[in-house]
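Quick notes on the structure that follows.
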Amino acid sequence: MSSTYTKVKGLHYQTNKPIEIIMEAGKIKRMYHLLDSNDEDLPIVAPGLIDLQINGFKGIDFNHEPLNKEQWLTVTNELAKVGVTTFYPTMITNSQDQLASLFEENKKTITEGFSNNDMIAGFHLEGPYISREEGPRGAHPKEHVRSPNWKEFTDLQEKAGGLIKLVTLSPEWEASNDFIQRANEHGVKVVALGHLNATEKQIDDAVRAGAVASTHLGNGAHVSLPRHPNYLWDQLAKEELWATVIADGHHLPTNVLKVMNLVKKEKMVLVSDAVSLAGMQPGHYHTAVGGKVTLTDEYKLHLRGNPQILAGSAQSLLMGVNHLIVSGISTRSEALDKASILPAKLMNLPQQLGLSENAPADLVLLREENGELEVVETVKSGRV
């Protein structure tokens, strides 16, 4: 992203009618409906995509060591190529010293500035306050899983310069509810439940304390659960809880996604939960968490010796949008909203205004090829 646009023409992603968007000072100044235009040559114009959970991209891992400016520039440029205009780098369970280093050094690099640093809206801390149980813990290292500790968290938040905006934890710890209340009072936009082995009461109490979402619902769970009751039903039933989901076609069966969408409606949002191999070519790789892994032509990432065991998500957010459309779960506009306006609404970002006057000029221009959306151009704050 280097040049600046003043106007964009295209087909509105909701109405399919031709529009012209005038941009000024990083915002949408005016939007006009065009009466005379060659529709066939126009791209689809939609709000830029927002990824609330991403662990790395294009071979760069957010959890291994702090990134330098060149690495952040690479990540932001590569994410822009797949339509992302805003994202939350996600740091997972680790030692306090390692998390402190990641937050402090990355905050320093981001706030000192580089050309795309406004794509980063904050950090997502996923863990270390999660379940110690096999299954719900997922790939998080057991030796670093621990109870919520407010003093520990405030130290991390200080290192991060207040940029930790989303926290995922389990409500099964005795200290969880007090932590949730304090987090909501001290600048954390969203406390989400995830990687949990909690009872119905623990989930209810967490919601009363201020938890508002479920992180990658349906994943980070036991392989087998009682038919009912279980913590998946309990979270689905809580109308107050939003649900983020990984719609890559591998983490959740299509019918499960369909049910979640029917229940949560506009409170279901997409995340990539991508690991560093997302954006890479299919092949065999070695990762710090999964060891020897294989990335297939369908962008399924699994342990090399066992295709049934996933080693993370390796798809972009736009691939999740396409999966919802192709599988018939959502219309095109609904699927795009679940990766743009709705996550912005959850995080209370100005991007929730979508394509409207005074909204941030965060846009993605798309075309349809063989029934799937492809990026033509991405615009962040009026920059291409």
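With a 10 Å radius around each residue's Cβ, average the other Cβ atoms per peptide and rank 73-80, 123-130, 357-364, highest first.
Values: 73-80: 20.6, 123-130: 26.4, 357-364: 22.4.
Descending packing order for the listed peptides: 123-130, 357-364, 73-80.
Averaging sequence separations of C-alpha pairs under 8 Å and six or more residues apart, then dividing by the length of the chain, give the relative contact order as a whole percent. Before the final figure, lay out each step's value.
Numbers: 844 pairs, mean separation 83.6, N = 384.
Reported as a whole number, the value is 22 percent.
Report, in listed order, any pair from 29/58; 69/345; 69/258; 29/264; 9/159 with a Cα-Cα distance greater than 31 Å. Walk me through the intermediate numbers first.
Details: 29/58 34 Å; 69/345 29 Å; 69/258 40 Å; 29/264 33 Å; 9/159 43 Å.
Pairs exceeding 31 Å: 29/58; 69/258; 29/264; 9/159.
First select every other residue whose beta carbon is under 13 angstrom from the beta carbon of residue 53; then total the charges, Lys and Arg +1, Asp and Glu -1.
Values: positive: 165; negative: 51, 126, 248, 273.
Net of charged neighbours comes to -3.
Find out how many positive minus negative residues lie around residue 314, taking Lys and Arg as positive, Asp and Glu as negative, among other residues whose Cβ is under 13 Å from that of residue 314. List each step's numbers first, then the result.
Details: positive: 58, 300; negative: 61, 248, 273, 297, 298.
After counting each charged neighbour, the total is -3.
Report, in deg cm²/dmol and to the nearest 500, the calculated mean residue ellipticity at 222 nm for the chain, where each DSSP H run with n ≥ 4 adds -39500 (n - 2.57) and the sum is divided by the residue count. Walk me through the intermediate numbers first.
Numbers: 10 runs with 100 residues, N = 384.
Computed ellipticity for the chain at 222 nm equals -7500 deg cm²/dmol.
Taking a ≥ b ≥ c as the square roots of the Cα gyration tensor eigenvalues, with a/c under 1.5 meaning rounded and otherwise prolate when a/b beats b/c, else oblate, which class fits the range 1-143?
Details: a/c = 3.30, a/b = 2.09, b/c = 1.58.
It comes out prolate by the Cα gyration axes.
Net charge within 14 Å of residue 285 by Cβ-Cβ distance, Lys/Arg positive one each and Asp/Glu negative one each, not counting residue 285 itself? Write out the running numbers ahead of the final one.
Details: positive: 58, 292, 300, 304; negative: 61.
After counting each charged neighbour, the total is +3.
How big, on average over all directions, is the shadow cast by the Cα convex hull of the range 167-216, in nm²? List each step's numbers first, then the result.
Numbers: hull surface 11.9 nm².
Taking a quarter of the hull surface, the average projection is 3.0 nm².
Could you work out how far apart the two model spin labels at residue 32 and residue 185 are, taking each label as a point 7 Å from the Cα in the direction of the beta carbon, and quote it in nm?
Between residue 32 and residue 185, the simple spin-label model gives 5.3 nm.
Taking 20 Å as the cut-off for C-alpha to C-alpha distance, list the pairs among 108/151; 81/107; 151/267; 201/238 that go past it. Don't jump to the answer; show the numbers that get you there.
Working: 108/151 22 Å; 81/107 24 Å; 151/267 32 Å; 201/238 12 Å.
Checking Cα-Cα distances, 108/151; 81/107; 151/267 exceed 20 Å.
For the chain, compute Rg over Rh where Rg is the Cα radius of gyration and Rh is the Kirkwood radius from the inverse mean 1/r over Cα pairs. Numbers along the way, then the final one.
Working: Rg = 20.1 Å, Rh = 21.1 Å.
When Rh is taken as the Kirkwood radius, the ratio is 0.96.
Can you sort 285, 13 so the residue with the fewest Cβ neighbours within 10 Å comes first?
Working: 285 20, 13 24.
Least to most surrounded, the residues fall as 285, 13.
Kindly rank 332-344, 256-268, 223-235 from highest to lowest mean number of other beta carbons found within 10 Å of each residue.
On the way: 332-344: 24.6, 256-268: 17.5, 223-235: 13.9.
By packing density, highest mean first, the sequence is 332-344, 256-268, 223-235.
Where a number appears in this text, it was derived from the coordinates with a stated rule and is not lab data. This one's a predicted model, so the numbers in the text were calculated from it and none came from an experiment. Counting neighbours? That spans all protein chains shown, and the Cβs are built from the backbone with ideal geometry, glycine included.
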